[in-house]
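Note sheet for the following structure.
The values are calculated or read from the model by the stated rules, or taken from the named source; none is laboratory data. Since we're looking at a predicted model, the values are computed, not measured. All Cβ positions, glycine included, derive from the backbone under ideal geometry; neighbour counts span all protein chains shown. For the accessible areas, the whole protein counts, side chains as well, though only heavy atoms, and no ligand, DNA or RNA atoms are used. Shrake-Rupley method; radii C 1.70, N 1.55, O 1.52, S 1.80 Å.
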Amino acid sequence: MKAVVMNEIGGTDVMAYVDLPDPVATPGHVVVEVAAAGVNFMDIGVRQGMAWTDRPNPKILGVEGAGRIVALGDGVDGFAIGDRVTWVYAPGSYASHVLISADALVRLPDTIDDQTAASVMMQGLTASHFATDFYPVQPGDTALVHAAAGGVGLLLTQIIRLRGGHVIGRVSSTDKVEVANAIGANHVIVDTEGNFADEVLRLTGGEGVSVVYDGSGPKTFQGSLAALRRSGTFCWYGPVLGGPGPLDIMSLPKSIKIGYATFFDHISTPELLRARTEQLFRWIHDGSLKLRVGGIYPLSDAARAHADMESRATTGKLLLIPTPRGSA
């Protein structure tokens with residue numbers, strides 16, 4: 001099989017497109033031929049040594065994708081060879097074939113194609129967790145969404161609006177304003193230096209927002225604090241860009257609530273994984289949730305996809321497409 005590995009911690013130059021033996025189905029697992037794999041900031045964090053440090057190099061990158069089952073291990077129930085499936089977390093997904101626990105799989109309905117599935121799993125489940133579990137958005141709430149034209153931001157904006165909330169989006173450049181507006185943001189602020197809080201307060205009549213969703217790193221932390229209303233909620237995520245440093249809880253202003261949102265808490269069992277995913281699929285099927293694919297790359301160009309994502313020039317989801325076996 002073909003796969004993209006990282007040979008050591010570092011930049012995109014440590015990534016290599018290689019031939020490896022095909023995986024063999026083990027008890028409770030299946031082998032899937034990958035049709036599309038999602039690119040996530042998590043993958044960049046792995047490459048930079050922020051995660052998976054217990055896994056020896058070289059190791060295959062990627063966790064998310066969609067494809068078709070080609071082999072079943074002993075003890076697998078509910079799936080058959082030929083079934084179309086998708087997944088949010090299966091290490092080694094930057095490959096033409098991947099070995100996955102059956103418990104980590106979601107069956108794909110005919111109404112959802114492979115690229116759509118690979119575009120929505122990680123970022124869609126993350127956005128769903130943020131807006132329905134971590135802070136259940138209520139009608140009339142106003143949210144500040146950082147990186148509103150990114151993959152998570154675009155989906156989060158739509159889910160907030162579906163729940164009756166209003167969205168102030170923050171983007172890094174003027175060319176992203178139209179993207180955020182088109183998906184439903186009520187207001188969009190262009191900012192690269194973390195100087196957005198005054199505008200948020202102006203837009204909310206001095207009150208501040210009900211909730212801030214901030215995955216933009218330390219630069220925006222103080223501004224996000226200042227943008228919150230009294231007893232507002234601060235949802236922090238995005239570990240690849242670093243944390244805010246040690247916090248003195250007694251220094252936090254306005255009785256705010258602050259936390260780090262881990263999306264695995266949203267899908268802690270196979271049943272929850274499938275229920276949350278089915279909700280995303282229903283929203284997509286009825287047109288309530290629209291996806292934006294910002295780039296499709298051959299699997300062999302995974303390093304370029306990483307570089308493009310790190311540049312912050314992309315919007316929406318980036319996908320990798322393996323070459324089907326037997327193709328030139």
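Filter the range 236-275 down to residues that are more than 19 Å from PHE41 (Cβ to Cβ), open to solvent by 70 Å² or more (accessible area, probe 1.4 Å) and either among the β-branched types (Val, Ile, Thr) or touching a helix residue (DSSP H, G or I) at 6+ places or on another chain (Cβ under 7 Å) (or both), then give me how many there are.
The total comes to 1.
Do we find that VAL32 is over 19 Å from the mean Cα position of the chain (by Cα) and open to solvent by less than 10 Å² (accessible area, probe 1.4 Å) in this structure?
yes
With closer than 14 Å to ARG274 by Cα, open to solvent by 10 Å² or more (accessible area, probe 1.4 Å) and out of contact with any Leu (no Cβ under 6 Å at 6 or more places or on another chain) as the only criterion, which of ARG107, ARG55 stands out?
Step by step, each of ARG107, ARG55 is checked, and only ARG107 is closer than 14 Å to ARG274 by Cα, open to solvent by 10 Å² or more (accessible area, probe 1.4 Å) and out of contact with any Leu (no Cβ under 6 Å at 6 or more places or on another chain).
Across the range 291-328, what is the number of residues that are over 23 Å from GLN48 (Cβ atoms), modelled with pLDDT under 95, open to solvent by 70 Å² or more (accessible area, probe 1.4 Å) and not hydroxyl-bearing (Ser, Thr, Tyr)?
Adding up the residues that qualify gives 5.
Which of the residues that make up the range 98-141 are over 25 Å from GLU33 (Cα atoms) and of a type outside the set (Ser, Thr, Tyr)?
Hits for the range 98-141 are ALA127, HIS129, PHE130, ALA131, ASP133, PHE134, PRO136, VAL137, GLN138, PRO139, GLY140, ASP141.
Could you please tell me which pairs satisfy a Cβ distance under 8 Å, a separation of 6+ or placement on different chains, a first residue in the range 257-271 that is in contact (Cβ under 8 Å) with a residue 60 or more places away in the chain, and a second residue that is small (Gly, Ala, Ser)?
Listed pairs, sorted by first residue: HIS266/SER128; PRO270/ALA104.
Filtering the range 181-220 down to residues that are part of a strand (DSSP E or B), among the aliphatic types (A, V, I, L, M) and surrounded by 17 or more Cβ atoms within 10 Å (Cβ to Cβ), which residue is nearest to the chain's Cα centre (by Cα)?
VAL212
What pairs come up if the first residue lies in the range 165-192 and is touching a residue at least 40 places away in the same chain (Cβ under 8 Å) and within 24 Å of ILE284 (Cα to Cα), the second is among the hydroxyl-bearing types (Ser, Thr, Tyr) and assigned to a helix (DSSP H, G or I), and their beta carbons are under 8 Å apart, counting only those six or more places apart or on different chains?
Listed by first residue and then by second, the contacts come to ILE183/THR157; ALA185/THR157.
Find all pairs meeting these conditions: Cβ atoms under 9 angstrom apart; at least six residues apart or on different chains; first residue within the range 195-224 and within 13 Å of VAL145 (Cα to Cα); second residue of a type in the set (S, T, N, Q) and assigned to a loop (DSSP other than H, G, I, E, B).
SER210/GLN138; SER216/SER172; GLY223/ASN195; SER224/SER216
Filter the range 163-180 down to the residues that are of a type in the set (D, E, K, R) and in a helix (DSSP H, G or I), then identify the one that is nearest to HIS146 (Cα to Cα).
Taking the candidates together, the pick is LYS176.
Looking only at the range 260-275, decide whether some residue is at pLDDT below 95, more than 22 Å from GLY184 (Cα to Cα) and assigned to a strand (DSSP E or B).
Yes, there is a match, as at least one residue in the range 260-275 is at pLDDT below 95, more than 22 Å from GLY184 (Cα to Cα) and assigned to a strand (DSSP E or B).
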